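Notes for the one structure printed next.
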Amino acid sequence: VIIPTKNEPYIQTLVDQINRLLTVDHEILVIDKSDSLPEVRNAIVVPQSSTGLGNAVVEGISRAKGDVIAVMDGDGSHDPQDLAAMVPWIDRCEIVIGSRFVPGGKTEDVQSRRWVSDLFALLTRIILSTDLKDPMTGFIVARRSVFDRITLRPRGYKFVIETIYKSRAKVREHPITFHARKVGTSNVGFNMKGFIEACRIAVLLVELRLGIR
Ligand SMILES: Nc1nc2c(ncn2[C@@H]2O[C@H](COP(=O)(O)OP(=O)(O)OP(=O)(O)O)[C@@H](O)[C@H]2O)c(=O)[nH]1
Ligand SMILES: [Mg+2]
């Protein structure tokens, strides 16, 4: 289980919950880009040497030892109960993503962020011709073989859609409850940083379509 973190005070609580709820054999890798490296019990904390969330995931994948790799946020948005429910599906498909927008899925996101999600889901549908309901999710469980057959070159946050599009893997969209971040401050928002990230995503989608990324 790979958890990218950048100043996430919730990480220990999350790790404890995962260890309690995930009954299959697992290791937890915290790939951290905080101002100072956190101490986390019952997890391996790795200082990120690259920059950006997507590259943290790439570092995590190269260190992970399991046949199945999960990635989830470290702020409590992604629920360990959902993780435990998603993992068994990996017997029947290659990728399981946590989806807010399939029947049974829920989100505590504010309305403005839902509109942004809707907009990018529509853009993804048009540009990449996928019928995913939640292509911007960052919650994934995938077979290691999926990552072995592609080269991820992440731009910003959105490594999941890159993984799905490049691998052409069979995907299950599993309904999750997306919680509002538990503690800590938002890394994105309706500001310059958020705008730049939105532009990055749009460019990423076009590059993927053109096969130049
Ligand atoms: N290692 C690493 N982790 C990051 C980086 N940027 C964000 N993260 C982590 O990636 C996860 C998802 O980022 P979030 O900041 O929750 O993104 P978000 O949910 O879109 O926005 P907020 O929750 O409002 O901040 C969190 O666990 C972050 O701490 C980064 O550059 N490096
Ligand atoms: Mg978050």
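The values are calculated or read from the model by the stated rules, or taken from the named source; none is laboratory data. The model shown is predicted, which means the values in this text are computed figures rather than measured ones. All Cβ positions, glycine included, derive from the backbone under ideal geometry; neighbour counts span all protein chains shown. For the accessible areas, the whole protein counts, side chains as well, though only heavy atoms, and no ligand, DNA or RNA atoms are used. Shrake-Rupley method; radii C 1.70, N 1.55, O 1.52, S 1.80 Å.
Just a few scattered comments:
- Each DSSP beta bridge with both residues in segment 89-213 is either parallel or antiparallel, and the antiparallel ones are about 30%.
- The HN-Hα couplings worked out from phi for segment 146-158 by the Karplus form 6.51 cos²θ - 1.76 cosθ + 1.60 (θ = phi - 60°) are 4, 6, 5, 9, 10, 10, 7, 10, x, 10, x, 8, 9 Hz, whole numbers, x standing for Gly and Pro.
- Under 14 Å from the S112 label point (7 Å along Cα→beta-carbon), backbone N, segment 153-187: 186-187
- Rounded to whole Hz, the Karplus (6.51, -1.76, 1.60) HN-Hα couplings of segment 111-127, x for glycine and proline: 3, 4, 6, 5, 4, 4, 4, 4, 4, 6, 5, 5, 4, 5, 4, 6, 7
- Comparing mean-square fluctuations of T130, T177, T185 from a GNM of the chain with C-alpha springs under 10 Å, the top value falls on T185.
- Accessible heavy-atom area order of V24, V30, highest first, probe of 1.4 Å: V24, V30
- In the chain the longest region clear of GluC sites (Glu not before Pro) that are loop-assigned by DSSP and have at most 14 other C-beta atoms within 10 Å covers 109-213.
- Of D148, D73, the residue with the largest accessible area leads and the full order is D148, D73 (1.4 Å probe).
- The simple spin-label model puts a point 7 Å past each Cα toward its Cβ; for D25 and E39 those points are separated by 3.0 nm.
- Close amide H partners of S99, meaning residues 5 or more places away or on another chain with modelled amide H under 5 Å apart, are H174, I176.
- All lysines inside 18 Å of K158 as judged from Cα atoms, apart from same-chain residues fewer than 8 positions distant: K6, K33, K133, K166, K193
- Per-residue 3J(HN,Hα) values for segment 96-102, derived from phi via the Karplus relation 6.51 cos²θ - 1.76 cosθ + 1.60 with θ = phi - 60°, read 10, 10, x, 10, 7, 10, 8 Hz in sequence order (x marks Gly and Pro).
- The aspartates and glutamates within cross-link reach of K170, meaning a Cα-to-Cα straight distance under 12 Å and a gap of 8 or more places when in the same chain, are D91, E94.
- Using R0 = 22 Å, the C-beta based FRET efficiency linking R153 and L210 works out to 0.95.
- Rolling a 1.4 angstrom probe over the protein heavy atoms with all chains in place gives segment 1-143 an accessible area of 47 Å² per residue.
- Rounded to 5, percent antiparallel among DSSP beta bridges of the chain: 30
- Sorting V1, V141 on solvent-accessible area from highest to lowest, probe radius 1.4 Å, gives V1, V141.
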